[in-house]
1. Residue check, V205 against (1) part of a loop (DSSP other than H, G, I, E, B); (2) open to solvent by 40 Å² or more (accessible area, probe 1.4 Å); (3) in contact (Cβ under 8 Å) with a residue 24 or more places away in the chain, all met but one. Which one?
2. Can you spot a residue in the range 82-102 that is under 15 Å from T20 (Cα atoms) and either part of a helix (DSSP H, G or I) or small (G, A, S) (or both)?
3. Considering only residues of the range 14-65 that are touching a residue at least 60 places away in the same chain (Cβ under 8 Å) and of a type in the set (S, T, Y), which is nearest to L270 (Cα to Cα)?
4. Being open to solvent by less than 40 Å² (accessible area, probe 1.4 Å) and more than 22 Å from the chain's Cα centre (by Cα) is the filter here, so list the residues in the range 234-254 that pass it.
5. Between I121, I158, I149, which is open to solvent by less than 10 Å² (accessible area, probe 1.4 Å), out of contact with any strand residue (DSSP E or B) (no Cβ under 7 Å at 6 or more places or on another chain), modelled with pLDDT of 95 or more and not hydroxyl-bearing (S, T, Y)?
6. Answer with yes or no whether V225 is assigned to a helix (DSSP H, G or I) and out of contact with any strand residue (DSSP E or B) (no Cβ under 6 Å at 6 or more places or on another chain).
7. Could you check, for the range 129-136, whether at least one of its residues is part of a loop (DSSP other than H, G, I, E, B), modelled with pLDDT of 95 or more and open to solvent by 50 Å² or more (accessible area, probe 1.4 Å)?
8. So which of R64, R58, R37, R107 ends up being farther than 26 Å from A160 by Cβ, assigned to a loop (DSSP other than H, G, I, E, B) and open to solvent by 20 Å² or more (accessible area, probe 1.4 Å)?
Amino acid sequence: MRYRQLGSTGLNLSVIGFGTAPLGNEFGPVNVAETERAIHQAIDRGINFFDVAPYYGRTLAEERLGPALAGKRDQIVLSSKCGRYDTASFDFSAARVKTSIDESLRRLRTDHLDLFIAHDIEFGDREQVIQETIPAMRELQQAGKVRYIGISGLPLKILADVAERGKVDFVLSYCHYNLMERDLDVWLTPVLKKHQIGLINAAAVHLRILTHAGPIASHPAPETVKKAGAEVVRLCESRGVNPAILSLAFSLRHPYAASTLCGMSNLDELEQNLSALDITPDAGLLAEIDQILAPLEHRVWPSGRVENHDF
């Protein structure tokens, strides 16, 4: 395993992070016993970064992760979130931030989080996040309940603006650095580097577009993006290459991201993800993929309030 420092926090994260959305049955039911074995094996293999949220399974992922970490909590960097609680349920008020952390700590069976994230801030009021949410999170930091605070979301411009004006410790961005999309460095990375704010990358498979199974029916991407993604998958398969692992291997090359989060729930998925550590993407294949994607104007989709969209 390789490790990188998260901005100026002093925390070193495994370059592959364990994303726990599958523990909340977000992509279908999982075998809880098998998932616990995968968590233990991941720690044994050097993965030290685990990310969860109350939103995943509507608290189910936290409820499952907490017991699985019994006796291993001090071996990992643990991250959870606040602000998003259901598909259309958001609350970025200071009062809810403070109750949310206590609920998460109880479910996770710990007395503190290493990382605490305001979840999908594009669904909230930007000024409230800066003036109310982040200060409440800083109070929790001063109280010893969290070590470092950050924000997450899909649109990049709001992340850059809030990170800079709100002076957070790190940002979690998804779907903006993988085989499908590389615009992370256009809008966000320069701002983070300037202020030594940490960066966590996520969704190397573009929310399952770059997998053999393909995206779920409710995937928010336009059909043009889904079709192009399917063409990329077919190209990779014709070359005997797993597109998901190729995209993860590509994502791991980002020079500033401390970690790339991967959703996983069993030993097979764990081993596949770990195999990306030893892969050097073929330049010729990457060029062919770029040709497929070149006609697409936007490879992500609008998310959150209209005033927070990138385009």
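1. (2)
2. no
3. T35
4. Scanning the range 234-254 gives L235, C236.
5. Unique residue meeting the criteria: I158.
6. So V225 passes the test.
7. No, every residue in the range 129-136 fails to be part of a loop (DSSP other than H, G, I, E, B), modelled with pLDDT of 95 or more and open to solvent by 50 Å² or more (accessible area, probe 1.4 Å).
8. Details: R64 fails: assigned to a loop (DSSP other than H, G, I, E, B); R37 fails: assigned to a loop (DSSP other than H, G, I, E, B); R107 fails: assigned to a loop (DSSP other than H, G, I, E, B).
The match here is R58.
The values are calculated or read from the model by the stated rules, or taken from the named source; none is laboratory data. All values reported here derive from a predicted model rather than from experimental measurement. Here Cβ is always computed from backbone atoms with ideal geometry, including for glycine, and neighbour counts include all displayed protein chains. With ligands, DNA and RNA removed, areas are computed over all heavy atoms of the protein, side chains included. Shrake-Rupley method; radii C 1.70, N 1.55, O 1.52, S 1.80 Å.
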